[in-house]
1. At 1.4 Å probe radius, can you tell me the per residue accessible area of the chain in Å²?
2. By how many degrees, between 0 and 90 and to the nearest 10, does the Cα long axis of helix 482-499 differ from the longest principal axis of the chain?
3. Using alpha carbon centroids, what distance separates the stretch 247-300 and the stretch 411-489, in Å?
4. Which lysines does K579 reach when only Cα atoms under 23 Å apart count, and residues fewer than 8 places away in its own chain are ignored?
5. Sum up the charges of everything whose Cβ sits under 12 Å from the Cβ of I34, counting Lys and Arg as +1 and Asp and Glu as -1, but leave I34 out.
6. Suppose we keep just the DSSP beta bridges with both residues in the chain; what percent of those would be antiparallel, to 5?
7. Are there cysteines in the chain with no other Cys C-beta under 4.7 Å, and if so, which?
8. Taking the Cα centre of the chain as origin, sum charge times position over the Cβ atoms of Lys and Arg (+1) and Asp and Glu (-1), and report the length of that vector in debye to the nearest 20.
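The values are calculated or read from the model by the stated rules, or taken from the named source; none is laboratory data. Computed from a predicted structure; not experimentally measured. Counting neighbours? That spans all protein chains shown, and the Cβs are built from the backbone with ideal geometry, glycine included. Note: accessible area is taken over every heavy atom of the protein model, side chains too, but ligands, DNA and RNA are not part of it. Shrake-Rupley method; radii C 1.70, N 1.55, O 1.52, S 1.80 Å.
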Amino acid sequence: MRIAVLNKDRCQPRRCSHECEKYCPRVRTGDETIVFGEDNKPIISEELCVGCGICVNKCPFDAIMIIGLPEELSVPTHRYGTNGFALYGLPVPQSGRVSGMLGPNGIGKSTSVQILSGTLIPNFGENEGDWDTVLEHYSGTLFYDYFKKVADGSLKVSQKPQYVDLIPKAFQGKTRELLESTDERGVLDELVERLDLGHILDRTITELSGGELQRVAIAACAARDVDFYFFDEISPYLDIYQRINTSQLIQDLAKDKAVLVVEHDLAILDMLSDVVHIAYGMPAGYGVVTHPKSVRVAINQYLKGYLPEENVRVRPDAIKFEVHPPRTGPNVATLVKYDKFSKSYSKGFSLRTDGGSLKKGEVIGIVGPNGIGKSTFVKILAGEIVPDEGELDIDVNISYKPQYIKVDTPLQVKYFLRSISSKVDTSYYEAEIAKPLQLEKLYDRQLNDLSGGELQRVAIAACLTRDADMYILDEPSAHLDVEQRSLATKTIKRFAENNGKTAMVVDHDIYMIDMLSERLIVFEGEPAVYGEAHLPTSMQAGMNHFLSNLDITFRRDEDTSRPRVNKKGSHLDREQKSKGEYYYYNVEE
């Protein structure tokens, strides 16, 4: 069983010599394995294709995929036309629990939600779908009653979109007006309090930051009176405090409703979900949704890259968490030392920092709530902002990736990256930056046409490509899926170690900070009022300090060594708090 998938956005028949048809061995023998449609783009016959892969290799735009599938996947749940993306399986929404979905971008998670919400009728590989065929197909299964309600129009769905920065384009009024229009359950006051939205109710949507837009979108979704809630990525732009509050809100919502959450922050997914569906396959080619698994089993299997029940390897290498001691000793050279400094703004916010030092070849993590001065701190180090008190004698070149990436220039990715630096070692760049960040397929795209995750990877590459002594990356995990976060983490860490460069990473993903950092800078204070940056400290001391502020404890999973949030009030949670071990290594050291 094989399927042929054509990426019509990449396919450019006017700029090629129709190599796919010219070199196909079946076409040469007289078969119509590849023909060209009315749009002058190829149509590949999956019945006649022998799977030789010649067209895949010869296509100059990398637009063709020939994918071998197991026989049990012979009938897709939905397919987007001839040679289009195919989805197999669906998550099962069940009242009274939170179902999580875990998988890479472009694997069919949004398609699954469109089907479950009734906006897309599954066609089982045919040209068009109809509800009679759907009900007949799912007769005798859990999906029959669900889709019967969808077909009758009696099932209501509320959905939080993935890209909240598009909300201002759809709504121009004030925050209060948007939330009041969605408050079907009469819980607006409670949601405003739980999500800390009171101070922005009278501001227009266009004035809100990314984190504020995210919380408004979550509140708008949760305020509706529906049967099925879907939250597509709740963590972008939110700090760890806000992520935990949102997780508790969603868990309360699921007491008598069905909730489905797509999330790439594994710590939050672990804490939030009752069961998890893994989505695997080939992005933009096909996707398979597994049956529900327990949360721990699902995340561990996904990290290992092997699903034993399905007997499928979804990744060649496992994502590993290492318990690493901090690098110390006389051989670790210091790049820069900085004294105490402070910065105040007319709006009332002030930042004060302790002095510290940064070592060559190390990665320092920076953690703390939003609005506490983390971005101000790194901008002062980068020379973009001058402090009010304290002199910074930092005579080093700094490359800075900002938190919010804005692109207005319609420039091709490859030309943009080439313009960054003339001193790039091409072979090193391709092997250590471009390949792990999966940039090859983006080179011919325009910057202003990239998705949030694609733009993030390009921004990380641009930051690391510049010739500098210190590299500062502000929230590099935003919009990246689990695998992309792992690859970005390895890229940043390996770059710092191999080149003796210092990297500082501001992020709210505990897993990414855990894998990346050798030391930690913890921020405390009151958001939007004042912030205090402590001196760099060891991961153990820094995480203990940070997690004690959150009042949560972490343990190490015995199987994968990944951090896991302890259930509040559990025996292990109480034991670790009594010992002051909030960041506890539950592995042999």
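1. Counting only protein heavy atoms, the per-residue value for the chain is 45 Å².
2. In the chain, helix 482-499 runs at an angle near 50 degrees to the longest axis.
3. 28
4. Cα-Cα hits under 23 Å: K567, K568.
5. 0
6. Taking every DSSP beta bridge with both residues in the chain, the antiparallel ones total about 45 percent.
7. Taking the Cβ cut-off of 4.7 Å, the unpaired cysteines of the chain are C11, C16, C24, C49, C52, C59, C221, C463.
8. Once rounded to the nearest 20, the dipole reads 1020 debye.
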